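Participant: Have a look at this one before I ask anything.
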Amino acid sequence: VLEAVPPHGRCRLANLPTPLYQIFPPSGATELNKGQTQQQNFLSLACPALSELELQFFVKRDDSSAGVELGGNKIRKLEFLLADALANDCDSVITIGGEQSNHCRATAAASVMLGMEPHLILRTKKASYDPAKNELGTVGNLLFDRMVGSQVYTCTPGEYGRIGSDALVARLANHLQSLGRNPYSIPVGGSNGLGSWGYVNGVDELVRQWESAFGQDAPSLDHIVLACGSGGTAAGITLGIAMAYSKRARNSQGKAPIVHAIGVCDDPDYFYAYVAKIADEMGFKTSGEPSTTEEFVRQHMTVHQGKGLGYAISTQEELEFVTNFARGTGIVLDPVYSGKALYQFVNSVIAETPDTFRGKRLLFWHTGGALGLFDKVSSLSTSLPSTSPCLRLDVYGKGRGVDIPEDE
C-alpha cells in the first residue's frame, strides 16, 4: 500500500485517458485504435528480426496527453505537483533539466496556465550565452520555454554534476525568496513521491482500458516497456502495477506484467535505489517478504542499461530505427527517451532472449518528447531524401518533373 496520499489532489491539465493502440498484429477498427487500420507490418519494417515472434504489440500514447506545450509523461506528475504549489500560495515555479528538457517545457507552460512564473535552470553545452546575440537559441523545447516567458538560467554539465540538481534549485529558491517571491521547487523530471502518483493513476487508467477492450477475464499484458530518465514514471508504473495486479491475482485474474525500465542515463543500480526512495516518499508499506523497499522494487521492475553512447547522444542506428518506426506505424518517437529506449529493448533485450517474448503481449508506454527531434535534424537529414523523396511536378508538360498534363 501507499499511505502518503497527495493532500491537495491534482490539477486537471491533461487530456485523459490517453489512447491505447494495438500496433501488431493489425487490429482493424477496434475500440483501441478508433477505426485506424495498420496498413504496414510494423515489425517487418522497424524490427525485421522480430517479425516471426508473433508478438502482440501495443502502445500507450502518453505523447498525446495534452497539447504540444504540455504533452508527454511529465504532465501526469505536474498535475499533483502544481496542485501542491497552488495550495501553498506559490507565485513562481523552479525546476531544472537539460537544454532540451521536455519536463522544463511542460512545467513552464503549465505554470503560466495556472498563474505562476516559470524559472528554468538548463544544463547547456556552453558556459555562458550573450543575450544580445540570442545565442541560447529557439530550437525544439527551447522555443516553447521562451515563448511562454520563462526566466532561463544556465549551468554547465560540470557544475550540474559537482553541485547537484537539488542544490542548484535550492540556491535559486533562496535567491527568489530574498526578492520577496514564494517559489515552488520541482526536482528533475518532477520525479519525487508526490509527482509519481500521476503514474499510479496512469496504471489504473491502463487497466480500465484493457478490461474495456478485452473484458475483465481476458489475459493480461505480459510485458510493459518504458524509457527511464529520472525515475518517477518508472516508480509510479511499477508500484501501480504491483498494487493493481495484487488485487487481480486474489481474484484469479492473472499475474502482473513484467515492467522493463530502459535507463537512458545513469546505471541500473542507481535507478533501483532511486525508485525505492520515491516509493518510501509515497508511504510504501508491505508485510512479510521482501524485507526492504528496494528488494520489492527489484522483484517488480527490471532495469536495463540503454543509454548507448550517453544521455541525449544518438547513434545513426537509433535515428534510423526512429525513422522506420514512424514509417511503419505513423507514430513518432523521440531520440532521447522513447526512441532510444525501444531501440535498445528490441536490439539488446529481445535479441538476446527472443523466445522469452515469443507470442507475448507487450506494451510500450510512449512518454512523448518529439520536440527533441528538432535538435537532431542534421543527423536525420541524411536518410530523409530516400525515405521521403521530393519530386518536382511538371505542370506544363516540359519534361522537368512528374508529368501531370491538364485534363482534356
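The values are calculated or read from the model by the stated rules, or taken from the named source; none is laboratory data. Given the structure is predicted, the values throughout are model-derived calculations rather than measurements. Quick reminder, even Gly has a Cβ in these numbers, built from the backbone with ideal geometry, and neighbours come from all protein chains shown. Only protein heavy atoms, including side chains, enter the accessible area calculation; ligands, DNA and RNA are left aside. Shrake-Rupley method; radii C 1.70, N 1.55, O 1.52, S 1.80 Å.
This table checks each residue for (1) at pLDDT 95 or above; (2) open to solvent by 10 Å² or more (accessible area, probe 1.4 Å).
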residue	(1), (2)
SER230	yes, yes
ALA234	yes, no
THR238	yes, no
MET243	no, yes
ALA276	yes, no
MET282	yes, no
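Participant: Further, regarding this structure: Given the condition more than 25 Å from the chain's Cα centre (by Cα), open to solvent by 30 Å² or more (accessible area, probe 1.4 Å) and not charged (D, E, K, R), answer yes or no: does some residue in region 335-347 qualify?
Facilitator: Filtering region 335-347 for residues more than 25 Å from the chain's Cα centre (by Cα) gives none.
No.
Participant: Restricting to region 149-161, name every residue that is buried (at least 17 other Cβ atoms within 10 Å of the Cβ) and either more than 10 Å from GLU99 (Cα to Cα) or hydrophobic (A, V, I, L, M, F, W, C) (or both). Can you show your working first?
Facilitator: First pass over region 149-161, keeping only residues buried (at least 17 other Cβ atoms within 10 Å of the Cβ): 150, 152, 154-155, 160.
SER150, VAL152, CYS155, TYR160, listed by residue number.
Participant: Next up: So which residues in region 303-328 are among the acidic types (Asp, Glu) and either crowded, with 19+ Cβ neighbours inside 10 Å or at pLDDT 95 or above (or both)? Let's see the steps before the verdict.
Facilitator: Taking region 303-328 and keeping what is among the acidic types (Asp, Glu), we get 317-318, 320.
Across region 303-328, the qualifying residue is only GLU318.
Participant: What number of residues within region 165-208 are over 20 Å from LEU70 (Cβ atoms), of a type in the set (A, V, I, L, M) and in a loop (DSSP other than H, G, I, E, B)?
Facilitator: Adding up the residues that qualify gives 1.
Participant: Tell me which of these ALA66 doesn't satisfy, since it passes every other one: (1) over 18 Å from TYR184 (Cβ atoms); (2) of a type in the set (A, V, I, L, M); (3) touching a residue at least 60 places away in the same chain (Cβ under 8 Å).
Facilitator: (3)
Participant: Also, I was wondering about something else. Please go through region 80-108 and pick out each residue that is farther than 26 Å from GLU159 by Cα and out of contact with any Gly (no Cβ under 7 Å at 6 or more places or on another chain).
Facilitator: LEU82, ASP84, ALA85, LEU86, ALA87, ASN88, ASP89, CYS90, ASP91
Participant: Which members of region 166-211 meet the condition of being within 20 Å of the chain's Cα centre (by Cα) and either within 16 Å of LEU122 (Cβ to Cβ) or of a type in the set (A, V, I, L, M) (or both)? Please lay out each step first, then the result.
Facilitator: Applying the first criterion (within 20 Å of the chain's Cα centre (by Cα)) to region 166-211 yields 186-207, 209.
Result: ILE186, PRO187, VAL188, GLY189, GLY190, LEU194, VAL200, VAL203, LEU206, VAL207.
Participant: Looking only at region 289-302, how many residues end up being in contact with a helix residue (DSSP H, G or I) (Cβ under 6 Å, 6 or more places away or on another chain), open to solvent by less than 30 Å² (accessible area, probe 1.4 Å) and touching a residue at least 24 places away in the same chain (Cβ under 8 Å)?
Facilitator: The number of residues fulfilling the criteria is 2.
Participant: Hey, another quick one. Filter region 86-98 for residues that are surrounded by fewer than 24 Cβ atoms within 10 Å (Cβ to Cβ) and of a type in the set (A, V, I, L, M, F, W, C) and give the result.
Facilitator: LEU86, ALA87, CYS90
Participant: If I filter region 117-133 for residues that are modelled with pLDDT of 95 or more, open to solvent by less than 50 Å² (accessible area, probe 1.4 Å), over 24 Å from PRO335 (Cβ atoms) and not basic (Lys, Arg), do I get at least one hit?
Facilitator: Yes, there is a match, as at least one residue in region 117-133 is modelled with pLDDT of 95 or more, open to solvent by less than 50 Å² (accessible area, probe 1.4 Å), over 24 Å from PRO335 (Cβ atoms) and not basic (Lys, Arg).
Participant: Moving on to the next point. Provide a single number: the residues in region 361-393 that are more than 22 Å from ASN102 (Cβ to Cβ) and basic (Lys, Arg). Step through it out loud before you land on a result.
Facilitator: Going through region 361-393, the residues more than 22 Å from ASN102 (Cβ to Cβ) turn out to be 361-362, 381-393.
Imposing the further condition that a residue be basic (Lys, Arg) reduces the set to 361, 392.
Within region 361-393, residues that are more than 22 Å from ASN102 (Cβ to Cβ) and basic (Lys, Arg) number 2.
Participant: Among all residue pairs at least 6 apart or on different chains, which show Cβ distances below 9 Å where the first residue, located in region 353-377, is free of Cβ contacts under 8 Å to residues at least 24 places away in the same chain and the second is part of a helix (DSSP H, G or I)?
Facilitator: Final answer for the pair search is THR356/VAL349; THR356/ILE350.
Participant: Also: Which of the numbered conditions does ASN201 fail, given that it passes all the others? Conditions: (1) open to solvent by 50 Å² or more (accessible area, probe 1.4 Å); (2) over 16 Å from THR233 (Cα atoms); (3) in contact (Cβ under 8 Å) with a residue 24 or more places away in the chain; (4) not basic (Lys, Arg).
Facilitator: Of (1) open to solvent by 50 Å² or more (accessible area, probe 1.4 Å); (2) over 16 Å from THR233 (Cα atoms); (3) in contact (Cβ under 8 Å) with a residue 24 or more places away in the chain; (4) not basic (Lys, Arg), only one is false for ASN201: (2).
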